[in-house]
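Take a look at the structure below.
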Amino acid sequence: MSTVTSQNKTAPVVRQYEIGGVRYIVKATVKDGAKETAVKKIRRLLQNDLSKAAT
């Protein structure tokens, strides 16, 4: 008889966005202890990209 262990892992959510001619592929996973939300992280990543493009 085999033993099956249950894991509460879900498949990541993958979405594609195009903003200002740049394609962003976002893979969302849940991490215990995360300190920022997905919205805040995307906003931060976009702001970093825009500031790099401005220099």
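Here, each number is a calculation from the coordinates, and none is a lab measurement. Note that the structure is predicted; figures quoted are calculated from it, not measured. A quick note on method: Cβ atoms are made from the backbone with ideal geometry, for glycine too, and the neighbour counts reach across all protein chains shown.
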Gyration tensor (alpha-carbon) shape descriptor, segment 13-55, a/c threshold 1.5: oblate
Which loop-located trypsin sites (Lys or Arg not before Pro) does segment 17-55 contain, where loop means any DSSP state but H, G, I, E or B and the Cβ has at most 16 other Cβ atoms within 10 Å? 31, 35
